[in-house]
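Participant: Take this structure first; my questions come after.
The values are calculated or read from the model by the stated rules, or taken from the named source; none is laboratory data. Model, not experiment: these values are computed from the prediction. Here the Cβ positions follow ideal geometry from the backbone for every residue, glycine too, while neighbour counts run over all protein chains shown. Note: areas computed on protein heavy atoms with side chains; ligands, DNA, RNA excluded. Shrake-Rupley method; radii C 1.70, N 1.55, O 1.52, S 1.80 Å.
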Amino acid sequence: MKRHRRHHHDHDPELQATYTRRRFLVASSLAAVPLGAWWALGSATGPSDSDVQAPLPSPGRSAASTAPPTPTTSVPVDEPSTTPPTSTVPVLDHDLIQGMAETKVEILQRRLTDLAFDPGPIDGYFGGATLRSVWAFQKLVMGIPREEADGIVTPTMWARLHDDVQVEPRRTPGGTHLEVYLPEQVAVLFKDGRTRVISHVSSGEGVEWCDEVTVDLDDGTTETKGICGLSITPGGVYHFERKVEGWRNAKLGRLYKPVYFNYGIAIHGASNVPNYPASRGCVRFPMHIAEYMQDLVEIGDTVYVFDGVEEPEHYGAQPMIFDWPDPDYTTTTTSTTTTTSSTTTTVPEPVTTTPPPSTTATSTTVDRPDTTTTHPDSQVGD
C-alpha cells in the first residue's frame, strides 16, 4: 500500500513536483541514516568473510558438538610424578640387565626419574647409575632384601614400576628432611612430605680399621698420621651442620661435596657405592646425585638414621665413635711432601654376574664405562 504524506500544498501539482536542491539534499540525508544503520547492523551480525551461511546441525547432533574443543594446559610441578603414565605401557617380554642398550631401557630410565629414583642420564644405556637406582627400587618398593637385590628388571618389576607408586616418609617434621634406612641401604630426601630424591647408598661397614690418612686442615695445610677407628654409622636424629664444596681429604676418607651431620660423618659423593655397607661411617651417594644433593639441603635440616633396631628418637643425637692413634704406626719419612700415597683399602663394587636369560628379544649389550666414575680425583672413598 502506497503511503501518502499530507502537506499544506498538496493541492498544487506544480509545487508538488518542484524540489529545490536544498530540499533534495536534506531528504537524501534523512533517508541515508536508517539505511546506514541497517547496513552496519547487517555487517556486524551477518555471515563470515565468505558470506556463506553456516550449515545447521544435522538431526540427532547438538550444535555444541560442532564447536572446536577447548585446549587444555598442563602445569609443570617441581616434585616428581608418582602416577602411572596415561599412555599404554609397552609390554616387557625379557629381562633388562646391566650393559644393555635399547628403547626399553630408556623407558625404564624415564619411569625411574618420574618416581625420583634418579638413574642418571636418560640415554637408553643400562649403566652403573641405572643399576643403583634399580637396586633402590627393588629394596624400598618391592621389599626385596638388600642381599637379594640383583638389579635385574624382570617383567614383574616392570609392571610394578608402572603402578601408582607412593613412597611415604616415616617422619613428617615439615620442610626438608633426609631419611637414611641402613638395613635397605637407601636414603630418601623429602620436602613437605613429598619425595625429592631416592638413592641407593652405602654406609658404615661395621669393622675396625687402621690406616695412614692425610687430612685437610682448616688453615689450608694437610696432616698425615696413622689412626684406627670403627666404621659404624650410628642411628639417631641429627641436623646438617656444615657443607664443603668439592673434594675433601678427611679421616674417614676422600669425600666429594660432603654435608656433615654427626661430627665427622657426612653424606657425600663416592665413585664406589656398592650394594652393601662399605664406608668408614659416612653415607656414600652416587656421584651424579652428589653433584646436586648439597644444593637441596640447608644447614639445620633434620636427618633421621634408621638402623633397624630402635627408632631414631630412642638414640637421639648419639655421637660417632671417634678414632684413636694407631699404636703400630711408624713414620717412614720426616720430609714434607705435597703428594702422599694413601694405603686406604677400597672394597671393589660387585659386578653383576647373573647371565641374561634366553630370549628372542633384540637387545644390544654394550661394553661401555660407567659415566658416573669419570671424576679423576675419585679413586678413594670414605
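Participant: Among 173, 119, which is the only one that is in a loop (DSSP other than H, G, I, E, B) and either touching a strand residue (DSSP E or B) at 6+ places or on another chain (Cβ under 9 Å) or touching a residue at least 24 places away in the same chain (Cβ under 8 Å) (or both)?
Facilitator: Among 173, 119, only 173 is in a loop (DSSP other than H, G, I, E, B) and either touching a strand residue (DSSP E or B) at 6+ places or on another chain (Cβ under 9 Å) or touching a residue at least 24 places away in the same chain (Cβ under 8 Å) (or both).
Participant: Follow-up question, since we're still on this one. Which of the residues belonging to the stretch 251-265 are closer than 19 Å to residue 301 by Cβ and not in a strand (DSSP E or B)?
Facilitator: Correct list: 263, 264.
Participant: In this structure, does residue 297 turn out to be more than 25 Å from residue 147 (Cβ to Cβ), modelled with pLDDT of 50 or more and open to solvent by less than 20 Å² (accessible area, probe 1.4 Å)?
Facilitator: Yes.
Participant: Could you check how many residues of the stretch 227-237 are open to solvent by less than 10 Å² (accessible area, probe 1.4 Å) and assigned to a strand (DSSP E or B)?
Facilitator: The number of residues fulfilling the criteria is 4.
Participant: Do we have residue 276 as assigned to a loop (DSSP other than H, G, I, E, B), open to solvent by 10 Å² or more (accessible area, probe 1.4 Å) and either aromatic (Phe, Trp, Tyr) or at pLDDT below 95 (or both) here?
Facilitator: So residue 276 passes the test.
Participant: Within the set of pairs 6+ apart or on separate chains, which have a first residue in the stretch 317-346 that is at pLDDT below 50, a second that is open to solvent by 70 Å² or more (accessible area, probe 1.4 Å) and not in a loop (DSSP other than H, G, I, E, B), and C-beta atoms under 9 Å apart?
Facilitator: 338/222; 340/222
Participant: Taking the stretch 125-164 as the region of interest, how many residues are more than 16 Å from residue 105 (Cβ to Cβ) and either more than 20 Å from the chain's Cα centre (by Cα) or assigned to a loop (DSSP other than H, G, I, E, B) (or both)?
Facilitator: Qualifying residue count, the stretch 125-164: 14.
Participant: How many residues are open to solvent by 40 Å² or more (accessible area, probe 1.4 Å), polar (S, T, N, Q) and not in a strand (DSSP E or B) when one looks only at the stretch 197-224?
Facilitator: 1
Participant: Now, a different point. Could you tell me whether residue 268 is outside any loop (DSSP other than H, G, I, E, B), open to solvent by 20 Å² or more (accessible area, probe 1.4 Å) and either within 17 Å of residue 132 (Cα to Cα) or out of contact with any Asp or Glu (no Cβ under 8 Å at 6 or more places or on another chain) (or both)?
Facilitator: no
Participant: Additional query: Just one of the numbered conditions (1) open to solvent by 40 Å² or more (accessible area, probe 1.4 Å); (2) touching a strand residue (DSSP E or B) at 6+ places or on another chain (Cβ under 9 Å); (3) at pLDDT 95 or above is not true of residue 309; which one?
Facilitator: Residue 309 satisfies every listed condition except (2).
Participant: While we're on this one: For the stretch 234-244, does any single residue satisfy the condition of being of a type in the set (Gly, Ala, Ser), within 23 Å of residue 286 (Cβ to Cβ) and in contact (Cβ under 8 Å) with a residue 24 or more places away in the chain?
Facilitator: Checked the stretch 234-244: at least one residue is of a type in the set (Gly, Ala, Ser), within 23 Å of residue 286 (Cβ to Cβ) and in contact (Cβ under 8 Å) with a residue 24 or more places away in the chain.
Participant: Collect the residues in the stretch 181-196 that are hydrophobic (A, V, I, L, M, F, W, C) and open to solvent by 10 Å² or more (accessible area, probe 1.4 Å), keeping them in residue-number order.
Facilitator: The answer is 182, and nothing else.
Every residue, every condition in (1) open to solvent by 70 Å² or more (accessible area, probe 1.4 Å); (2) modelled with pLDDT of 50 or more; (3) of a type in the set (D, E, K, R), yes or no:
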| site | (1), (2), (3) |
| --- | --- |
| 64 | yes, no, no |
| 71 | yes, no, no |
| 80 | no, yes, no |
| 95 | no, yes, yes |
| 106 | no, yes, yes |
| 120 | no, yes, no |
| 126 | no, yes, no |
